[in-house]
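The values are calculated or read from the model by the stated rules, or taken from the named source; none is laboratory data. Everything quoted here is computed from the prediction, not taken from an experiment. Every residue, glycine among them, receives a Cβ derived from its backbone with ideal geometry; neighbour counts consider all protein chains shown. Calculation scope for accessible area: heavy atoms of the full protein, side chains included, ligands and nucleic acids excluded. Shrake-Rupley method; radii C 1.70, N 1.55, O 1.52, S 1.80 Å.
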Amino acid sequence: MLQLSLSWLGLGPVAASPWHLLLLGGASLFLARILAWIYAFYDNCRRLRCFPQPPSCHWLWGHLDIMQTDEEGMQLLTELSHYFRDVYLSWFGAFYPILRLSHPKFIAPVLQAPAAVAPKEMTFYGFLKPWLGDGLLLSSGDKWSRHRRLLTPAFHFDILKSYVKVFNKSVNIMHAKWQRLTAKGSTRLDMFEHISLMTLDSLQKCVFSFDSNCQESPSEYIAAILELSSLIMKRHRQLLLYVDFLYYLTANGRRFRKACDLVHDFTDAVIRERRHTLNSQGVDEFLKAKTKSKTLDFIDVLLLAKDEHGKELSDEDIRAEADTFMFGGHDTAASALSWILYNLARHPEYQERCRQEVQELLRGREPQEIEWDDLAQLPFLTMCIKESLRLHPPVISISRCCTKDIVLPDGRVIPKGNDCIISIFGVHHNPSVWPDPEVRPSPPNSGTSGGVYDPFRFDPENSQKRSPLAFIPFSAGPRNCIGQTFAMNEMKVALALTLLRFRVLPDDKEPRRQPELILRAEGGLWLRVEPQSTGAP
């Protein structure tokens with residue numbers, strides 16, 4: 001039998017059976033891969049040395065101790081954005097470096113890079129995949145580019161115009177509930193709870209033309225969406241459950257699958273019914289009927305969409321985009337509106353000025369509701385919305401993975417393969433971008449402003465002096481939020497009608513911020529409301 005000398009391994013001559021050769025080859029390949037990884041890791045660390053990092057980096061946990069999802073974590077994030085005013089390096093464990101950028105000049109090369117050069121980092125976003133599929137939020141490459149082109153008409157002002165009546169109706173339902181609660185003596189309300197249901201109600205009507213009456217009675221579909229969001233955040237906090245196989249063995253994993261199935265079944269049923277109607281009527285009759293009833297919704301637009309080759313979106317694609325819009329549209333708007341009301345409760349002088357602006361706009365009009373043309377006639381209210389989005393952005397950060405080296409303005413380079421966090425919160429609180437950016441706390445009900453919540457930062461003249469990337473609540477660049485005009489319109493309608501009908505007062509207890517999928521408050525964001533004598537829904 002053929003002999004193979006392995007004396008160089010100290011094993012002496014052995015029979016060179018195929019299994020020995022296979023084992024030797026496998027071990028060599030494994031060793032080569034380990035050595036290649038070690039070299040790549042060392043080389044990457046060497047290239048990252050030009051970036052400063054917070055002290056007290058643990059040899060195993062890295063900077064995990066400062067990545068807290070509570071008020072203390074938000075305060076530390078503020079301190080870091082003040083100390084490191086452009087970019088710094090942190091470690092998620094011993095082997096996962098993350099660059100956090102918090103200055104307009106430094107986020108520009110990443111945010112404005114082509115989507116293929118800086119796609120979304122998928123470790124966390126991957127948790128959403130079973131629910132949202134390959135919608136705009138999670139897709140990449142040619143598929144993302146095609147879908148972005150096909151979805152853009154869905155956010156044309158001709159489509160958005162019809163949604164204003166939907167916003168009015170959903171807000172009226174919420175306010176009628178508030179009137180009943182205050183009549184019974186309940187003036188202290190959790191804004192997140194009430195406004196989340198209102199935004200979900202609006203979205204169901206705008207996306208599906210479906211009224212679940214979810215603000216007044218339980219809805220299985222709405223409960224499933226709320227549960228999915230909650231389960232994703234729970235999974236995010238448990239590193240072992242990042243492995244799909246392990247996660248779906250758990251009770252929460254099974255609940256996640258069940259909720260996904262329920263949401264998908266609802267969306268699929270709407271798409272099937274609508275496609276059947278479209279096929280039986282034909283495009284012209286379908287459009288004629290929709291124009292007559294003024295009910296062209298998001299699903300309709302997607303069903304009618306065709307690319308330059310005349311190819312339609314598949315039912316699976318339409319479901320992914322509809323589910324993505326429901327996910328991306330309800331929590332962010334609810335967070336934004338809740339914090340806007342909080343800031344105006346703390347600043348009664350600005351709240352009253354907004355109220356007077358709305359009263360003047362609607363003077364002598366019956367019924368008192370916001371119309372499309374009114375949205376451009378609320379300049380001070382819009383400034384208050386933007387200043388609150390600066391202080392309390394619903395999404396505090398977004399992540400990107402660099403598929404190529406990216407050169408920063410000072411010549412430093414983000415090496416290929418590294419993940420970046422664009423800190424929206426950091427940019428908005430960066431003192432080198434925004435003079436005196438923080439709100440200093442003051443006692444509730446003191447009648448004073450309590451620090452720097454300054455809507456006049458967004459006076460058009462002041463805005464011209466700043467970088468467009470100084471204010472990015474809806475992100476920026478190729479992958480910015482396609483629904484930002486929809487969201488701003490909804491917020492204007494909801495805020496205008498709320499201030500017309502209610503006076504909003506701060507709660508005795510200051511909320512503690514809680515960054516999750518969106519910026520929440522621990523235990524809810526509680527405010528007190530007092531009905532105004534006019535403007536009842």
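Just name one of Phe157, Phe106, Tyr96: the one whose Cα is farthest towards the positive end of the charge dipole of the chain (beta-carbon charges, Lys/Arg +1, Asp/Glu -1). With unit charges placed on the Cβ atoms, the residue in question is Tyr96. If a/c stays under 1.5 just call it rounded; otherwise compare a/b with b/c (prolate if a/b is bigger, oblate if not). Do that for segment 219-320, with a ≥ b ≥ c from the square roots of the Cα gyration tensor eigenvalues. Verdict is prolate for segment 219-320. Amide H contacts for Leu525 (H built 1.01 Å from N in the peptide plane; partners 5 or more residues away or on another chain; cut-off under 5 Å): Met191, Phe192, Glu193. Computed from the Kirkwood radius of its Cα pairs, the Stokes-Einstein diffusion coefficient for segment 157-302 at 4 °C and 1.567 mPa s stands at 72 µm²/s.
With a ≥ b ≥ c taken as the square roots of the eigenvalues of the C-alpha gyration tensor of segment 95-205, please select rounded if a/c is under 1.5 and otherwise prolate if a/b is larger than b/c or oblate if it is not? Prolate.
Ranking Ala32, Ile421, Gln484 by how far each Cα lies toward the positive end of the dipole of the chain (charges on Cβ) leaves Ala32 at the top.
Note: segment 44-141, Cα convex hull, 141 Å³ per residue. For the chain, the longest principal axis of the Cα atoms and the long axis of helix 348-362 meet at an angle of about 60 degrees. Amide H contacts of Arg503: Glu530, Gln532, each under 5 Å away and 5 or more positions distant or on a separate chain (H built 1.01 Å from N in the peptide plane; Pro and chain starts excluded). Counted over segment 298-377 with a bin width of 5 Å, the fraction of Cα pairs per bin, in whole percents, is 3, 11, 13, 12, 14, 12, 11, 10, 8, 5, 2, 0.
Here Tyr96 sits with roughly 60 square angstrom of accessible surface, probe radius 1.4 Å.
Would you please state the base-10 log of I(q)/I(0) at q = 0.25 1/Å for segment 477-521, with intensities from the Debye formula using one equal scatterer on every alpha carbon? Log10 of I(q)/I(0), two decimals: -0.98.
Taken over the chain, the ratio of Cα radius of gyration to 2.2 N^0.38 Å equals 1.11. Spin-label model, Ser432/Arg272: points 7 Å from Cα along the beta carbon direction are separated by 5.8 nm. Can you tell me how segment 26-69 classifies by the Cα gyration tensor, rounded, prolate or oblate, using a/c under 1.5 as the rounded cut? It is oblate, given that a/c is not under 1.5 and a/b is not larger than b/c.
Computed in the context of the full set of protein chains, the accessible area of segment 210-345 at 1.4 Å probe radius has 55% of its extent on carbon or sulfur.
Accessible-area rank, largest first, for Phe155, Phe456, Phe425: Phe456, Phe155, Phe425, with all protein chains present and a 1.4 angstrom probe. Bridgeable lysines around Lys105 (alpha carbons under 27 Å apart, same-chain partners fewer than 8 residues away excluded): Lys120, Lys386, Lys404, Lys416, Lys465. Computed 3J(HN,Hα) for segment 501-510, one whole-Hz value per residue from the Karplus formula 6.51 cos²θ - 1.76 cosθ + 1.60 where θ = phi - 60°, is 9, 9, 9, 9, 10, x, 7, 5, 9, 6, glycine and proline marked x.
Residue-wise HN-Hα couplings along segment 174-186, as the Karplus relation 6.51 cos²θ - 1.76 cosθ + 1.60 with θ = phi - 60° gives them from phi, are 4, 5, 4, 5, 4, 4, 5, 5, 5, 5, 8, x, 8 Hz; Gly and Pro carry x.
Using a probe of 1.4 Å, the accessible surface attributed to Trp144 totals some 20 Å² when neighbouring protein chains are kept in position. Spin-label model, Ala32/Gln484: points 7 Å from Cα along the beta carbon direction are separated by 4.8 nm. Only aspartates and glutamates eight or more places from Lys129 in sequence, or on another chain, were considered; those with a Cα closer than 14 Å are Glu121, Asp244, Asp261, Glu316, Asp317, Glu321, Asp323. Over the residues of the chain, the helix contribution to mean residue ellipticity at 222 nm works out to -16500 deg cm²/dmol, using -39500 (n - 2.57) for each DSSP H run of at least 4. Simple point charges give the picture: +1 on the Cβ of Lys and Arg, -1 on the Cβ of Asp and Glu, and for segment 157-227 a dipole about the Cα centre of about 380 debye. Solvent-accessible area assigned to carbon and sulfur over segment 33-93 amounts to 61 percent, based on a 1.4 Å probe. Remark on Arg520: its backbone amide H falls under 5 Å from those of Gln514, a criterion applied only to residues 5 or more positions apart or on other chains, H modelled at 1.01 Å from N. Taking label points 7 Å from Cα along the Cα-to-Cβ direction, Lys161 and Leu287 give a separation of 1.6 nm.
Computed from Cα atoms, the angle from the helix 315-346 axis to the main principal axis of the chain rounds to 60 degrees.
Computed from backbone phi with θ = phi - 60° and the Karplus coefficients 6.51, -1.76 and 1.60, the 3J(HN,Hα) list for segment 139-146 is 6, 8, x, 5, 5, 4, 4, 5 Hz; x is used for glycine and proline. A straight line joining the Cα centroids of segment 163-178 and segment 190-244 runs 18 Å. Within the assembled protein chains, the solvent-accessible surface assigned to His392 is about 20 Å², based on a 1.4 Å probe.
Charges were assigned to the Cβ only: +1 to each Lys and Arg, -1 to each Asp and Glu. The resulting dipole of the chain about its Cα centre is roughly 640 debye.
If the segment from Asp307 to Arg180 were pulled out straight at 0.36 nm per residue, it would be longer than the present Cα-Cα gap by 40.8 nm. For segment 346-418, a crude dipole built from +1 on the beta carbon of Lys and Arg and -1 on the beta carbon of Asp and Glu, taken about the Cα centre, is about 660 debye to the nearest 20.
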